[in-house]
1. Can you tell me how many residues in region 16-48 are surrounded by 15 or more Cβ atoms within 10 Å (Cβ to Cβ), without any contact (Cβ under 8 Å) to a residue 24 or more places away in the chain and touching a helix residue (DSSP H, G or I) at 6+ places or on another chain (Cβ under 7 Å)?
2. Identify, please: which residue in region 300-313 is free of Cβ contacts under 8 Å to residues at least 12 places away in the same chain and surrounded by 13 or more Cβ atoms within 10 Å (Cβ to Cβ) and is, among those, farthest from residue 224 (Cα to Cα)?
3. Is there any pair linking a residue in region 253-268 that is touching a residue at least 24 places away in the same chain (Cβ under 8 Å) to one that is assigned to a helix (DSSP H, G or I) and surrounded by 14 or more Cβ atoms within 10 Å (Cβ to Cβ), with Cβ under 8 Å and at least six apart or on different chains, and which?
4. If I filter region 273-292 for residues that are modelled with pLDDT of 95 or more, under 20 Å from the mean Cα position of the chain (by Cα), buried (at least 20 other Cβ atoms within 10 Å of the Cβ) and part of a helix (DSSP H, G or I), do I get at least one hit?
5. Can you tell me how many residues within region 79-89 are out of contact with any helix residue (DSSP H, G or I) (no Cβ under 6 Å at 6 or more places or on another chain) and surrounded by 20 or more Cβ atoms within 10 Å (Cβ to Cβ)?
6. Testing residue 237 on (1) at pLDDT 95 or above; (2) in contact with a helix residue (DSSP H, G or I) (Cβ under 7 Å, 6 or more places away or on another chain); (3) more than 15 Å from residue 311 (Cβ to Cβ); (4) part of a helix (DSSP H, G or I), one condition comes back false. Which one is that?
7. Working carefully through the options 61, 72, 92, find the one that is in contact with a strand residue (DSSP E or B) (Cβ under 6 Å, 6 or more places away or on another chain), in a helix (DSSP H, G or I), surrounded by 24 or more Cβ atoms within 10 Å (Cβ to Cβ) and at pLDDT 95 or above.
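The values are calculated or read from the model by the stated rules, or taken from the named source; none is laboratory data. Given the structure is predicted, the values throughout are model-derived calculations rather than measurements. So basically every Cβ, Gly included, is an ideal-geometry build from the backbone, and we count neighbours across all protein chains shown.
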């Protein structure tokens with residue numbers, strides 16, 4: 001079986017490639033010119049160069065493969081809206097179009113729980129939760145929802161055999177964008193204040209567990225299905241207390257939401273007005289993730305794929321912090 005992985009240098013993609021190589025799969029990866037290939041060298045994978053925004057490059061990479069894992073995307077909360085749209089939506093269109101043209105047997109598409117919205121939700125979402133349809137939601141969430149709609153349209157209208165995976169908050173080695181690492185940087189600077197009360201559900205999943213779930217999606221029964229991949233159902237207080245312990249720092253102190261929201265709005269406006277490319281440590285989107293109640297039901301993946309997380313919260317935090325410190329990020 002010949003497999004193509006897009007987004008192979010990213011957080012999830014790099015771990016997926018390592019796992020598939022260990023399982024002796026024949027692998028080709030689509031990477032952009034100038035990408036950091038240090039993690040891919042020595043793995044014996046075939047390199048195809050190109051950008052998912054370039055249909056000809058995508059079709060060339062897809063040619064001759066049996067399965068495509070599409071992970072390439074803009075996974076952050078800062079940047080031009082056009083970039084999110086061109087990569088997360090346009091890239092999905094190009095991959096689907098190329099898969100149909102080249103007769104690819106399966107497409108395994110990495111979406112996100114963000115595609116169903118990251119609002120404060122008191123219930124527990126499963127795979128039946130509707131995709132957001134409001135462009136006023138954060139552009140990352142909206143672009144992931146629209147990308148998933150593209151994939152489902154090709155499945156419905158062109159017969160493409162698709163599996164959609166929606167991981168929850170992913171963390172672990174190589175996570176440097178939005179998520180746990182942001183809070184780790186605050187704790188490293190002895191900033192211990194977080195908004196909210198810490199009682200909201202804040203469900204994380206360790207990156208190697210995601211990669212394992214993605215490999216399980218190769219099973220025939222996964223075709224035509226959508227699965228949520230989650231770790232333990234925890235609260236924000238449990239998550240960030242575990243992070244504090246892993247870093248040897250004091251526990252966080254919770255302050256009213258309005259304090260964080262005001263600071264986030266101010267920094268967002270200042271950075272936007274200055275035209276800065278790097279996001280501030282605190283943004284309205286990041287604050288929403290910290291304080292909103294979000295939980296997801298992973299029983300379908302457990303029942304039909306045999307997937308259940310293996311890395312617990314304490315072990316995962318220790319591993320993530322060790323990697324950040326070893327590589328000079330903390």
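1. Of the residues in region 16-48, 0 are surrounded by 15 or more Cβ atoms within 10 Å (Cβ to Cβ), without any contact (Cβ under 8 Å) to a residue 24 or more places away in the chain and touching a helix residue (DSSP H, G or I) at 6+ places or on another chain (Cβ under 7 Å).
2. Narrowing region 300-313 to residues free of Cβ contacts under 8 Å to residues at least 12 places away in the same chain: 302-303, 308.
Next cut, surrounded by 13 or more Cβ atoms within 10 Å (Cβ to Cβ) only: 302, 308.
Details: 302: 17, 308: 20 Å.
Among residues in region 300-313 that are free of Cβ contacts under 8 Å to residues at least 12 places away in the same chain and surrounded by 13 or more Cβ atoms within 10 Å (Cβ to Cβ), the one farthest from residue 224 (Cα to Cα) is 308.
3. Note: pairs meeting the criteria are 254/237; 257/287; 257/291; 260/287; 260/290; 260/291; 261/284; 261/287.
4. From region 273-292, those modelled with pLDDT of 95 or more are none; that's our starting set.
No; the residues of region 273-292 include none that is modelled with pLDDT of 95 or more, under 20 Å from the mean Cα position of the chain (by Cα), buried (at least 20 other Cβ atoms within 10 Å of the Cβ) and part of a helix (DSSP H, G or I).
5. Of the residues in region 79-89, 1 are out of contact with any helix residue (DSSP H, G or I) (no Cβ under 6 Å at 6 or more places or on another chain) and surrounded by 20 or more Cβ atoms within 10 Å (Cβ to Cβ).
6. It fails just one condition, (2).
7. On the way: 72 fails: in a helix (DSSP H, G or I); 92 fails: in contact with a strand residue (DSSP E or B) (Cβ under 6 Å, 6 or more places away or on another chain).
One residue alone meets the criteria, 61.
Residue by residue, here is whether (1) in a strand (DSSP E or B); (2) modelled with pLDDT under 95; (3) over 18 Å from the mean Cα position of the chain (by Cα) holds:
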| position | (1), (2), (3) |
| --- | --- |
| 34 | no, yes, yes |
| 40 | no, yes, yes |
| 52 | no, no, no |
| 84 | no, yes, no |
